[in-house]
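What follows is a short report on a single structure.
The numbers here are math on the coordinates, done by the rules we state, and not lab data. Quantities reported herein were computed from a predicted structural model and do not represent experimental measurements. Because the Cβ atoms are built from the backbone with ideal geometry, glycine has one as well, and the counts that use them run over all protein chains shown.
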């Protein structure tokens, strides 16, 4: 029988779900998995907040750092979620005191993980973070263990449930971005503070930074990310994409190009035949391409109390079964600095929406620029004339694969035309 004594800092959705799960499954853990989990202390910002469990069953600490001083505490679980501040101080202090740490804090790992992994390695303790990426999907263990001897060529996927819910709702109910964002907040999928990270693409990019490190041994460097959120996506683009056989999803993808790192998070058009296109609502999905596997596709609940608590429990079980800890799946001295691959050198096919006056010669003037720069147009969708002659009409163009820099030059020319009435909408097409 393994006995694991833990302390929990942060009692939001995940922390509360974790305690409930331990309470409800204690007999299963004890009898079927031969492990007993004891909660020696809990801490949160507000002791009086209403919770789904009885806090009086546990010893309360106003200062979470005081729990580290409990001699027989084996693991500190950090679920506060600050990028630095008390979250960083708590983890650093715990590692220095030779306590194992489990965290779901992707922003902290993405921005400051290198120093903490060094510290964990120095003190031969675990710094586990399965809960930091994709909720209940076991992506960290898959990369560290299952694919450890396979060369990973590319990893991509949907890493933020809130943005996926918003884009799904916009398509299904033909609603604007602002309308659906309000619904997402009302349902508790995001808050005013969290939504900036979610819809801005930063939450997904934090997770991608961690995945990129595990896949390519790149130093944890959040600055290597190119990030574009979904706030400029209009329901019209979603509808036009559907006419062309696509859905729009916020896609995060990482690979090595010419010995440089490419970490990219942006809204992209996905063919309906692609499994990622079928991942709707708040689900997450990850696709891994390796030397041995053309596609390894993982899909599941990417957020929420229970799924993320499941990942914390998974880390706790691993800690109970091991005496040595390789937190990255490889030796930390294997980490290397990569130069960031220029976004202008990316080769992709693209979707463009050009709003113009409804008059003769417009289309030919636009396509002339594509010919001038030797850009191959795949499809043109010129929608029927609008009954309001003073209202701009959309011209939808998709291109074959082209270097981003060359396309940017064409767009500058197009936007300078007097009959083009607004900035051209440009979205990459996810075609690998």
Exposure proxy check: 181, 283 ranked by fewest other beta carbons within 10 Å? 283, 181
Rounded to a whole number, what is D in µm²/s for the range 133-264 from Stokes-Einstein with the Kirkwood radius over alpha-carbon pairs (20 °C, 1.002 mPa s)? 135
How long, wide and thick is the range 346-429, going by the Cα atoms along their three principal axes, in whole angstroms, largest first? 39, 21, 19
On the formula 1/(1 + (r/R0)^6), with r taken between the Cβ atoms of residue 3 and residue 48 and R0 of 25 Å, the FRET efficiency rounded to 0.05 is 0.20
Mind telling me which of 246, 338, 58 comes out most flexible in a GNM of the chain, alpha-carbon contacts under 10 Å? 58
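Can you tell me the length gained on complete extension of the stretch residue 231 to residue 38, counting 0.36 nm per residue apart and subtracting the Cα distance?
So the chain would gain 65.1 nm between residue 231 and residue 38.
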Rounded to one decimal in nm, the spacing of the 7 Å Cα→Cβ label points at residue 390 and residue 347 is 4.8
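With the contact rule set at Cα under 8 Å and sequence spacing of 6 or more, what percent relative contact order holds for the chain?
Values: 868 pairs, mean separation 69.2, N = 432.
Relative contact order for the chain comes out at 16 percent.
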How much length is gained on full extension from residue 359 to residue 306, taking 0.36 nm per residue of separation minus their Cα-Cα distance? 13.4 nm
Expressed as a whole percent, how much of the Cα-Cα distance distribution for the range 209-274 exceeds 19 Å? 44
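If each residue of separation counts as 0.36 nm, what is the full-extension length gain between residue 186 and residue 413 once their alpha-carbon separation is subtracted? Could the numbers behind the result be given before it?
On the way: separation 227, 0.36 × 227 = 81.72 nm, distance 4.26 nm.
Between residue 186 and residue 413, full extension yields an extra 77.5 nm.
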Whole-angstrom Cα spans of the range 275-393 along principal axes, big to small: 75, 35, 26
For the range 22-168, taking Cα atoms only, what is the radius of gyration to one decimal and the Dmax to the nearest whole Å? 17.3, 50
Testing the spin-label approximation: label points 7 Å from Cα along Cα→Cβ at residue 193 and residue 403. State their distance in nm. 4.5
Let me test this: with uniform point scatterers at the alpha carbons of the chain, what is the Debye-based log₁₀ I(q)/I(0) at q = 0.07, 0.08, 0.09, 0.11 1/Å? -0.39, -0.50, -0.62, -0.86
Pick from 365, 128, 191: which residue has the top mean-square fluctuation in a GNM of the chain where Cα pairs under 10 Å get a spring? 365
Can you give the angle from 0 to 90° between the axis of helix 13-24 and the longest principal axis of the chain, with both taken from C-alpha atoms, to the nearest 10? 40
Any chance you could give the angle, 0 to 90 degrees and rounded to 10, that helix 305-321 forms with the longest Cα principal axis of the chain? 50
Using only helices, what value at 222 nm comes out for the chain when you add -39,500 (n - 2.57) per DSSP H run of length 4 or more and divide by the total residues, to the nearest 500 deg cm²/dmol? -10500 deg cm²/dmol
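Of 400, 430, 29, 100, how do they rank once you tally other Cβ atoms within 10 Å and put the fewest first?
In increasing order of surrounding Cβ atoms, one gets 400, 29, 430, 100.
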Can you give the Kirkwood hydrodynamic radius for the range 50-117, in Å, rounded to one decimal and based on Cα pairs? 12.8
Return one number: the angle in degrees, 0 to 90 and rounded to the nearest 10, between the long axis of the Cα atoms of helix 202-216 and the longest principal axis of the Cα atoms of the chain. 70
Would you look at the GNM of the chain, springs on alpha carbons closer than 10 Å, and say which of 14, 410, 133 moves the most? 410
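Under the definition of Cα pairs under 8 Å and six or more residues apart, what whole-number percent is the relative contact order of the range 346-429?
Across the range 346-429, relative contact order equals 51 percent.
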Per-residue Cβ neighbour rank within 10 angstrom, fewest leading, 114, 391: 391, 114
